[in-house]
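Right, one structure below, let's go through it.
The values are calculated or read from the model by the stated rules, or taken from the named source; none is laboratory data. Keep in mind that what you see is a predicted model, and the values were worked out from it rather than measured. For neighbour counting, all protein chains shown are included, and Cβ atoms are generated from backbone atoms with ideal geometry for every residue, glycine included. For accessibility, only protein heavy atoms count, side chains too; no ligands or nucleic acids. Shrake-Rupley method; radii C 1.70, N 1.55, O 1.52, S 1.80 Å.
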Amino acid sequence: MTTTTTFATRLTQALRDRVVSLTDTSRPEGPAFLAAAAGTEVAKATGFGPLEKICKPLIVPAALAIALRDGGLRDGGLRDGRLGPVDTALLSATGVAYTTGDVILMLGGGHASRSGSRLVSGAAAFGVGHLALGGLMLRSGLRFKPVQSAVHGVVAGAAGAILLSEDRSNAPLAAYGGLLAALSALATSVDRSSGPAASVLAVAGPVFLLSDSLILVRRRTEGGSALARALDVGVIDTYATAALLLLTGTAAAARAAAARTAGQSA
């Protein structure tokens, strides 16, 4: 069996385990995450703002709770790894920053907002979260790999060029895109050394890139149309998925690193 096939098998199992864990009623954060995401989807599909204001700010806190409590899913003997104070602080900082970005964008008209300053403010909050999470990935042993870095560099360069060609004032958004692309490049560089549960990072970064790309498309779509509402739901679907996988995958990598350290010092 090739290394690629082995990793794909581990990734498929990790994603399946993550889905199953969300329906575990003995741990309320999984069902809470599903309820928050589903409620936000309904709100976006129907245009019912009050429901969105209740549900959307709960998506990331629920995902964070899963990440902080989850000791690893089928983690191949690495279940005994524990998150240290710094790991917990970086994960929590990410959760706070992402939620802040959610609130900023939600109160400013959501995905339909034409306010550049509002979008930049939201991107800045998410950027802080990306930096914190990227720092934890590096602390957990992840390192940029050439192919992943090159591919994401091309994506970031193309997106930045498009944004700047539209308006030079989009420079902050282009910079944010570069930061998100760097986080995704690092996440997709995950390998078997970080443990099976961390393999979900391989899809988490690209899904976050897709979500933010859909936001830009949505801003150019006529409000109230079927396409606009479909894009709104698509943004939520991809964002909630990416946030969950980024937080839980990075937490798994941190636990694997802690387990390795404990094994070396034993």
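Being surrounded by 22 or more Cβ atoms within 10 Å (Cβ to Cβ) and part of a helix (DSSP H, G or I) is the requirement here; does residue 142 meet it? In short, no.
Among the residues making up the range 54-107, those that are open to solvent by 20 Å² or more (accessible area, probe 1.4 Å), touching a Pro at 6+ places or on another chain (Cβ under 7 Å) and modelled with pLDDT of 90 or more are 99, 103. Checking the structure you have, find out if any residue of the range 201-209 is under 19 Å from the mean Cα position of the chain (by Cα), farther than 21 Å from residue 124 by Cβ, β-branched (Val, Ile, Thr) and open to solvent by 20 Å² or more (accessible area, probe 1.4 Å). Yes, the range 201-209 contains at least one residue that is under 19 Å from the mean Cα position of the chain (by Cα), farther than 21 Å from residue 124 by Cβ, β-branched (Val, Ile, Thr) and open to solvent by 20 Å² or more (accessible area, probe 1.4 Å). Test residue 114 against the criterion of being open to solvent by 30 Å² or more (accessible area, probe 1.4 Å) and at pLDDT 70 or above, and give yes or no. No: the conditions fail for residue 114.
Criterion first (crowded, with 16+ Cβ neighbours inside 10 Å and within 14 Å of the chain's Cα centre (by Cα)) does residue 155 satisfy it?
Details: crowded, with 16+ Cβ neighbours inside 10 Å: yes; within 14 Å of the chain's Cα centre (by Cα): no.
Spelling it out, it is not the case that residue 155 is crowded, with 16+ Cβ neighbours inside 10 Å and within 14 Å of the chain's Cα centre (by Cα).
Within the range 249-266, the set of residues being open to solvent by 10 Å² or more (accessible area, probe 1.4 Å) and either part of a helix (DSSP H, G or I) or among the charged types (D, E, K, R) (or both) comprises 255, 257, 258, 259, 260, 261, 262, 263, 264, 265. Just one of the numbered conditions (1) within 20 Å of the chain's Cα centre (by Cα); (2) surrounded by 21 or more Cβ atoms within 10 Å (Cβ to Cβ); (3) aliphatic (A, V, I, L, M) is not true of residue 233: (2).
The numbered conditions (1) assigned to a helix (DSSP H, G or I); (2) open to solvent by 20 Å² or more (accessible area, probe 1.4 Å) are all true for residue 220 except (1). Contact map, the range 4-33: first residue under 17 Å from residue 63 (Cβ atoms) and touching a residue at least 12 places away in the same chain (Cβ under 8 Å), second residue part of a helix (DSSP H, G or I) and open to solvent by 80 Å² or more (accessible area, probe 1.4 Å), Cβ cut-off under 9 Å, separation 6 or more or different chains; pairs are 27/69; 29/69; 32/58; 33/58.
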